[in-house]
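Participant: Sending over a structure as structure tokens; questions will come in a sec.
The values are calculated or read from the model by the stated rules, or taken from the named source; none is laboratory data. Note that this is a predicted model, so its numbers are computed, not measured. Here Cβ is always computed from backbone atoms with ideal geometry, including for glycine, and neighbour counts include all displayed protein chains. Areas reflect the complete protein model, heavy atoms only, side chains present, ligands, DNA and RNA absent. Shrake-Rupley method; radii C 1.70, N 1.55, O 1.52, S 1.80 Å.
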Amino acid sequence: MSKTILIVGGGLAGTIVANGLCRQLGAQLRSGAVSITMLGASDTHMYQPGLLYVPFGRMREHELFREQSRVLDRRIHYYVDPAKNVDVEKKQVSTESGRTFKYDYLVLATGSRIMPQSIPGMQEAAHWFYDLEGARKLRDALNNFQGGKIVVNINAPHKCPVAPVEFTLMLHEFLEGKGIRDKCEITYTYPIGRLHSLEPVAHWAGPVFEKLGIKSEIFFNTESVDPIGKTITSMEGSVMPFDLLVTIPPHEGAAVISESGLGKGGWVPTNTKTLHREGSDDIFVVGDTTNIPISKAGSTAHFEADVLIDNLASLVQEGRWAREYDGKAFCFIETGFSTGTYVWFNYQTPPTVAPPSQMLHWFKLAYNRLYWLSARGLL
């Protein structure tokens, strides 16, 4: 009897899983023993990490996009029809168009979304680079900026956890290039008691910020923003004036997850090693959608997807489990426009930060170009 694998979400995680399964299940796809269907929200695929470069004019908008049909294996049945409800009892997903898709195995790769509207005044007063519209507006604001107080405000949870550090260091160099760094005051805020959730990154960033004259304030959990008075207020009682506010808005998971009762805030309770939805043996979770307490980043999604592919293919072909996810994550960190570093870790190995170098910056730029091979599961 034919098995149906249904993938909900057309971002990096879902795309890697779909393409990887096509390669491993080629014989089953040819015979009709397996079919793979994906539900997405758009007919284009975006390279989200590239948004970091847009405000500084270091990446063109068109470089961020490819047609999803060009990224996906042609054997995948792809529908631009976002999921509206997941019924785990009936093993089916209903969509916004009213269609219903049955499954034998379900992969939830619904990602995350920014929620600036969840903090009063943030949407009206702040800039960000976590979507294309925000990156465009921030690019214009930076080009027109002539000096003053800049606040880089980080809220949790958020994906691409090193991106705020990268942006802050790139901002410093950008202002130097404009010749106005001495007219600017940069303050970086973070909601916990250090500069980053990863302790080694926090310990590394502190001296770097100090050397560059970047101020910081920890235990800053944003309560509200005053668009008229141009101040940002924390729950701890701190009030900070700004001329330019760049924020990392708090994130939530996809609405379909919470509305289907699969997880509070859109995060699905996930087994840290098998990537099963807790309580299900036919539902897998990958990428930002999981509630696993590790970085929500592209590399995490990629490493999780590799494990998921092996396990799903093994279950279909051999009826057995292949391997477990070890928590591996790897993130490049731009330390300006000409140097970079990286951090990697897993469940057993704590994070380490490599010494910054020009070579590592080039590696990051190279990966920006190779991303499309990664999405196709070839890298």
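Participant: Among the candidates 175, 198, single out the residue that is open to solvent by less than 60 Å² (accessible area, probe 1.4 Å), at pLDDT 95 or above and in contact with a strand residue (DSSP E or B) (Cβ under 8 Å, 6 or more places away or on another chain).
Facilitator: On the way: 198 fails: at pLDDT 95 or above.
Going through 175, 198 in turn, just one is open to solvent by less than 60 Å² (accessible area, probe 1.4 Å), at pLDDT 95 or above and in contact with a strand residue (DSSP E or B) (Cβ under 8 Å, 6 or more places away or on another chain): 175.
Participant: Looking only at residues that are under 16 Å from residue 353 (Cβ atoms) and among the aliphatic types (A, V, I, L, M) in the range 204-236, which one is surrounded by the fewest Cβ atoms within 10 Å (Cβ to Cβ)?
Facilitator: In this case the residue turns out to be 208.
Participant: Now a separate question. So, of the residues in the range 30-81 that are out of contact with any His (no Cβ under 9 Å at 6 or more places or on another chain), open to solvent by less than 50 Å² (accessible area, probe 1.4 Å) and in a strand (DSSP E or B), which turns out to be farthest from residue 9 (Cα to Cα)?
Facilitator: Ranking the qualifying residues of the range 30-81, first place goes to 34.
Participant: Moving on. Take the conditions modelled with pLDDT of 95 or more, surrounded by fewer than 16 Cβ atoms within 10 Å (Cβ to Cβ) and not in a helix (DSSP H, G or I) and apply them to residue 192. Does it pass? Spell out how you get there, then give the answer.
Facilitator: Numbers: modelled with pLDDT of 95 or more: yes; surrounded by fewer than 16 Cβ atoms within 10 Å (Cβ to Cβ): yes; not in a helix (DSSP H, G or I): yes.
When the stated conditions are applied, residue 192 passes them.
Participant: Right, another one. Considering only the range 72-128, how many residues are among the hydroxyl-bearing types (Ser, Thr, Tyr) and without any contact (Cβ under 8 Å) to a residue 24 or more places away in the chain? Break it down into steps so the answer makes sense when it comes.
Facilitator: First, the residues of the range 72-128 that are among the hydroxyl-bearing types (Ser, Thr, Tyr): 78-79, 94-95, 97, 100, 103, 105, 110, 112, 118.
Pick out the ones that are also without any contact (Cβ under 8 Å) to a residue 24 or more places away in the chain and you get 94, 97, 100.
Total meeting the criteria: 3.
Participant: Suppose the filter is touching an Asp or Glu at 6+ places or on another chain (Cβ under 6 Å) and either crowded, with 21+ Cβ neighbours inside 10 Å or modelled with pLDDT under 95 (or both); does residue 273 pass it?
Facilitator: Values: touching an Asp or Glu at 6+ places or on another chain (Cβ under 6 Å): yes; either crowded, with 21+ Cβ neighbours inside 10 Å or modelled with pLDDT under 95 (or both): no.
No.
Participant: Please find, within the range 231-251, the residue that is farthest from residue 145 (Cα to Cα) out of those that are in contact (Cβ under 8 Å) with a residue 40 or more places away in the chain and in contact with a Pro (Cβ under 6 Å, 6 or more places away or on another chain). Reasoning before the result, please.
Facilitator: Initial filter on the range 231-251 (in contact (Cβ under 8 Å) with a residue 40 or more places away in the chain): 232, 234, 240-251.
So of that shortlist, the ones also in contact with a Pro (Cβ under 6 Å, 6 or more places away or on another chain) come out as 248-249, 251.
Details: 248: 19, 249: 21, 251: 27 Å.
Only one residue tops the list, namely 251.
Participant: Can you say whether residue 166 is in contact with an Asp or Glu (Cβ under 8 Å, 6 or more places away or on another chain) and either assigned by TED's automatic domain parsing to the domain that holds residue 228 or more than 17 Å from residue 53 (Cβ to Cβ) (or both), as far as the supplied structure shows? It would help to see each step written out before you state the result.
Facilitator: Details: in contact with an Asp or Glu (Cβ under 8 Å, 6 or more places away or on another chain): yes; either assigned by TED's automatic domain parsing to the domain that holds residue 228 or more than 17 Å from residue 53 (Cβ to Cβ) (or both): yes.
Yes: the conditions hold for residue 166.
Participant: What single numbered condition from (1) in a strand (DSSP E or B); (2) open to solvent by 30 Å² or more (accessible area, probe 1.4 Å); (3) of a type outside the set (Lys, Arg) fails to hold for residue 1?
Facilitator: Going through (1) in a strand (DSSP E or B); (2) open to solvent by 30 Å² or more (accessible area, probe 1.4 Å); (3) of a type outside the set (Lys, Arg) one by one, residue 1 breaks only (1).
Participant: Only one residue in 14, 50, 57, 26 is closer than 16 Å to residue 286 by Cβ, of a type in the set (Gly, Ala, Ser) and at pLDDT 95 or above. Which one? Even if it seems obvious, please write down each step before you answer.
Facilitator: Numbers: 50 fails: closer than 16 Å to residue 286 by Cβ; 57 fails: closer than 16 Å to residue 286 by Cβ; 26 fails: closer than 16 Å to residue 286 by Cβ.
After applying the criteria, what remains is 14.
Participant: While we're looking at this one, here's another question. Condition test on residue 314, is it open to solvent by less than 20 Å² (accessible area, probe 1.4 Å), farther than 24 Å from residue 112 by Cα and hydroxyl-bearing (Ser, Thr, Tyr)?
Facilitator: Values: open to solvent by less than 20 Å² (accessible area, probe 1.4 Å): yes; farther than 24 Å from residue 112 by Cα: yes; hydroxyl-bearing (Ser, Thr, Tyr): yes.
Spelling it out, residue 314 is indeed open to solvent by less than 20 Å² (accessible area, probe 1.4 Å), farther than 24 Å from residue 112 by Cα and hydroxyl-bearing (Ser, Thr, Tyr).
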